[in-house]
1. Restricting attention to segment 312-324, does a residue exist that is more than 26 Å from the chain's Cα centre (by Cα) and over 30 Å from Ser260 (Cβ atoms)?
2. Can you confirm whether segment 320-337 contains a residue that is part of a loop (DSSP other than H, G, I, E, B), in contact (Cβ under 8 Å) with a residue 40 or more places away in the chain and more than 21 Å from Asp160 (Cβ to Cβ)?
3. Determine which single condition Leu168 fails, assuming it passes every other condition in (1) buried (at least 23 other Cβ atoms within 10 Å of the Cβ); (2) farther than 24 Å from Met249 by Cβ; (3) in contact with a strand residue (DSSP E or B) (Cβ under 8 Å, 6 or more places away or on another chain).
4. Taking Thr387, is it in contact (Cβ under 8 Å) with a residue 12 or more places away in the chain, farther than 20 Å from Val296 by Cα and either out of contact with any helix residue (DSSP H, G or I) (no Cβ under 8 Å at 6 or more places or on another chain) or of a type in the set (Gly, Ala, Ser) (or both)?
5. Return only the number of the condition from (1) closer than 20 Å to His244 by Cβ; (2) touching a residue at least 60 places away in the same chain (Cβ under 8 Å); (3) in a loop (DSSP other than H, G, I, E, B); (4) of a type in the set (Gly, Ala, Ser) that Ala210 does not satisfy.
6. Would you mention how many residues in segment 276-319 are charged (D, E, K, R) and part of a strand (DSSP E or B)?
7. Just to verify a result, which residue in segment 9-61, among those that are in a strand (DSSP E or B) and modelled with pLDDT under 85, is surrounded by the most Cβ atoms within 10 Å (Cβ to Cβ)?
8. Within the group Ala421, Ala432, Ala414, which residue is surrounded by 19 or more Cβ atoms within 10 Å (Cβ to Cβ) and either farther than 20 Å from Trp267 by Cβ or modelled with pLDDT of 95 or more (or both)?
Amino acid sequence: MKRNLIIELDYGARLAEAAFAAASDPQAGLDPAAVPDIAGIALDPSFAPTVIPGVHATDPTAPGYVSGQKVELALTEAGEIDPNQATYIVRATAEEDKVEEILAQKHVVGVFADVEIQPSLICPGSPPMGDDGDVERLLCVPQMRRLRMDGSGVLVAIVDTGINLAHLSARGRPITLDVARSWVPSPGMVPGNAPVGHGTMCAFDAAIAAPQATFLDIQLLRSSASGPTPMSGVLSDAVRAYSHLISVMTAPRRPGEARSLVVNNSWGMFHPSWDFPVGHPGNYSDNPNHPFNRIVAALERVGADILFAAGNCGANCPDGRCQGVTANAIYGANSHPSVLTIAGVDISNTRVGYSSQGPGRLARNKPDLAGYTHFRGSGVYAADGGTSAATPVVAGVVAAVRSRRPFQPGNPAASPAAIRALMRSTATDLGAAGFDFDHGFGVVGGCALVRRFIRVRPIRPIDICRRIPELCRPRPLPIDICRRFPEICRGVRRPDLPLPPPDLPRPGPQFAADDESLGDFGFELGGASLEDLLAAVWEAGYYDGSQVTGGAAASRSPAKGCGCGCS
């Protein structure tokens, strides 16, 4: 039987010359004249000789291969490969029973299997890839913070095993906890003082993008309730916890107070045996009428953004609790149409092997998005892993968005459905074009959200007037502003005037998301033309087509003609 082989050869001047020349030319192929004549092999002409450092075994009497044997590389004093002591590899095929004969020939140092390799999925037990700093960079968190997208004014409920505040502070991610609005299943449990565990990891990961959020410690998974199936007891307390969150959202508010709530759920059902059979009236997995599925929908309707983990029953390397069941394994509320269901990818945007794949049970097109996971972060585990970590990473981004677009009852542009649509539309597509059952609509797009919110950042009219006084003078300008931008001259928008479409193309300055000098405008004015600035003024009164109360558009007055309405 023929085998693909790597043939290691000792130093030869011509071989070395060919190898070092090929190192700077990725398209180089094999010059057969540079390779010693080796009987019994067929060289691969597309593979140029490749230099590898020579080695010195620490024990010259040891056999050629000993597992764990320490070797020293043959390098120059400058740390470079010493070509005289280096070896060189070529690729070839040969009959498997000829390997020993090939190895015995002059110039041959070693013969190795050229093992077929494919992209490797991270599975449970794999070491972490990257850390929370990498996640910050991939999400454009520094740019978010400059736009005040940091979770300020937003409640983030961690529905889990509980949060340990001391551990988070020790790991450099202290959070603000609202003890009064937190919830515990049993007397004697103290919010913020739970044992270090899964919930603390989730809080850490949500704080990556939302460090200024106010957290609620919802210690559901410390429940000791029981019932006829493993899930039914826990879900009974889940209904209680969600009822508490509904009361948080519907409590009286001070005038002008916005109340945004993001709810993270990094838990779920792992196997159908935990549930009643599909079709049984008590079934949870496929039954939208189950009490918990109903209260999830109720909490969303009062304005909460709810996220659930897709689960860890991916086909490549499922969690043992899945018992081999990997098809249609996004059960119950984890697949609810009113929630964002989160899959997991590593920092190279590769789906982790345990991330559950769609379709979902209650809504077919699940998961919605992927979040980053399996990185070194909270210190609770070797890796913040599973869709358990991916979900709070995305929850933190949702909270950062809510800092700029708080929930407002009656405003469709600020509804949970609108936020879900925004998160899907700004995701970075992975896998098959558009939606797919591995990644949903793609990995959460923090950088795309930064660009979106720079584009629609409100500009105070007084700033425009101070920076460009010509805009506010009654005399005509060189260009016909009212004809080019009639919305500027109409004053407060009348209900019968159609709103512009969200993505109406307008000329505008080139926004620099990573620019430190964004200033009041959210962009650098230096090279912008007057028409560019007017386009920005026009856009400033809108959030994707919804007028900003008190913004630039609302303060313009027809009496002042085409000016800014400043005083």
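The values are calculated or read from the model by the stated rules, or taken from the named source; none is laboratory data. Because the structure is a prediction, the values reported are computed rather than measured. Methodologically, a virtual Cβ is constructed for each residue, glycine included, from the backbone with ideal geometry; neighbour enumeration extends over all protein chains shown.
1. Going through segment 312-324, the residues more than 26 Å from the chain's Cα centre (by Cα) turn out to be 323-324.
Next, only the ones that are over 30 Å from Ser260 (Cβ atoms) stay: 323-324.
Within segment 312-324 (the criterion being more than 26 Å from the chain's Cα centre (by Cα) and over 30 Å from Ser260 (Cβ atoms)), the answer is yes, since at least one residue qualifies.
2. Yes, segment 320-337 has at least one match.
3. Just one mismatch for Leu168, condition (3).
4. Details: in contact (Cβ under 8 Å) with a residue 12 or more places away in the chain: yes; farther than 20 Å from Val296 by Cα: no; either out of contact with any helix residue (DSSP H, G or I) (no Cβ under 8 Å at 6 or more places or on another chain) or of a type in the set (Gly, Ala, Ser) (or both): yes.
So Thr387 does not fit the description; no.
5. (1)
6. The qualifying residues number 1.
7. As a first pass, look at segment 9-61 and keep what is in a strand (DSSP E or B): 9, 42-43, 50-52, 54-57.
Subsequent filtering for residues that are modelled with pLDDT under 85 retains 50-52, 54-57.
Values: Thr50: 15, Val51: 19, Ile52: 13, Gly54: 21, Val55: 15, His56: 10, Ala57: 14.
Only one residue fits best here, namely Gly54.
8. Values: Ala421 fails: surrounded by 19 or more Cβ atoms within 10 Å (Cβ to Cβ); Ala432 fails: surrounded by 19 or more Cβ atoms within 10 Å (Cβ to Cβ).
After applying the criteria, what remains is Ala414.
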